[in-house]
1. Got a number for residues in the stretch 33-81 being farther than 24 Å from residue 122 by Cα, in contact with a helix residue (DSSP H, G or I) (Cβ under 8 Å, 6 or more places away or on another chain) and either modelled with pLDDT of 95 or more or crowded, with 17+ Cβ neighbours inside 10 Å (or both)?
2. Give the number of residues within the stretch 176-199 that are under 20 Å from residue 149 (Cα atoms) and surrounded by fewer than 16 Cβ atoms within 10 Å (Cβ to Cβ).
3. Report whether or not residue 20 is surrounded by 15 or more Cβ atoms within 10 Å (Cβ to Cβ), at pLDDT 95 or above and either in contact with a helix residue (DSSP H, G or I) (Cβ under 8 Å, 6 or more places away or on another chain) or not in a strand (DSSP E or B) (or both).
4. Specify the residue that is modelled with the lowest pLDDT; the eligible residues are those in the stretch 101-133 that are part of a helix (DSSP H, G or I) and loosely packed, with under 11 Cβ neighbours inside 10 Å.
5. Is it the case that residue 178 is touching a helix residue (DSSP H, G or I) at 6+ places or on another chain (Cβ under 9 Å) and modelled with pLDDT of 80 or more?
6. Any residue that is touching a strand residue (DSSP E or B) at 6+ places or on another chain (Cβ under 7 Å), touching a residue at least 24 places away in the same chain (Cβ under 8 Å) and farther than 17 Å from residue 19 by Cβ - is there at least one of those in the stretch 48-63?
7. Within the bounds of the stretch 50-57, is there any residue that is under 18 Å from the mean Cα position of the chain (by Cα) and under 16 Å from residue 5 (Cα atoms)?
8. Please work out if residue 147 is over 25 Å from residue 182 (Cβ atoms), more than 19 Å from the chain's Cα centre (by Cα) and at pLDDT below 95.
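The values are calculated or read from the model by the stated rules, or taken from the named source; none is laboratory data. Remember, predicted model here, so these are calculated numbers, not experimental data. All Cβ positions, glycine included, derive from the backbone under ideal geometry; neighbour counts span all protein chains shown.
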């Protein structure tokens, strides 16, 4: 078990159709003033921020959209400031969390009291030896969907990762809906997440992508 001091209160970054999982790393381009403030405060405090999805992607006029209850705590592991004032960071997923209540404050970004109790297994360091032939069979339809939607995945690089890293990376990068990605994030364990991906793929009509023309 990885030992980290888990905060009871975290700043959250609501980002639609974007999730991170434990043991995965993602780059982020931070440019909104309120999230610049959030990163500044996080770097001074503990380098933690919470990634969480809004329940609706149509919230352009709503600065405080309703959020899903489950997100993932990330730790800033790389930080760079650009000449035009943006922050380029890399965020490593640590452990999922459940929101308890939103905190009222004068800060421009949102903060929540959170609970990690349901997800301590996310901190387990155990890795599984991947049988890529099995994984390739499981994700045959996912590969097809990626290709038809113009997504490029380095499948050979995935062979070198653990099973959970591979499945989580594919779930993060998948062209699924907000709701589908949230289902994957909330899946209790790796087997359930793998099966959920398969279930979601069965609902897709792959033929529709063969005749899609961008207008």
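1. 1
2. Going through the stretch 176-199 one residue at a time, the tally reaches 4.
3. Working: surrounded by 15 or more Cβ atoms within 10 Å (Cβ to Cβ): yes; at pLDDT 95 or above: no; either in contact with a helix residue (DSSP H, G or I) (Cβ under 8 Å, 6 or more places away or on another chain) or not in a strand (DSSP E or B) (or both): yes.
So residue 20 fails the test.
4. Let us first name the residues in the stretch 101-133 that are part of a helix (DSSP H, G or I), namely 117-123, 132-133.
Narrowing the set further to residues that are loosely packed, with under 11 Cβ neighbours inside 10 Å leaves 117, 133.
Details: 117: 94, 133: 61.
Ranking the candidates gives 133 first.
5. Working: touching a helix residue (DSSP H, G or I) at 6+ places or on another chain (Cβ under 9 Å): no; modelled with pLDDT of 80 or more: yes.
Considered against the rule, which asks whether it is touching a helix residue (DSSP H, G or I) at 6+ places or on another chain (Cβ under 9 Å) and modelled with pLDDT of 80 or more, residue 178 comes out as no.
6. Among the residues of the stretch 48-63, not one is touching a strand residue (DSSP E or B) at 6+ places or on another chain (Cβ under 7 Å), touching a residue at least 24 places away in the same chain (Cβ under 8 Å) and farther than 17 Å from residue 19 by Cβ, which makes the answer no.
7. Step one: of the stretch 50-57, the residues under 18 Å from the mean Cα position of the chain (by Cα) are 50-57.
The next check asks that each one be under 16 Å from residue 5 (Cα atoms); those that pass are 50.
Yes.
8. Values: over 25 Å from residue 182 (Cβ atoms): no; more than 19 Å from the chain's Cα centre (by Cα): yes; at pLDDT below 95: yes.
Answer is no for this residue.
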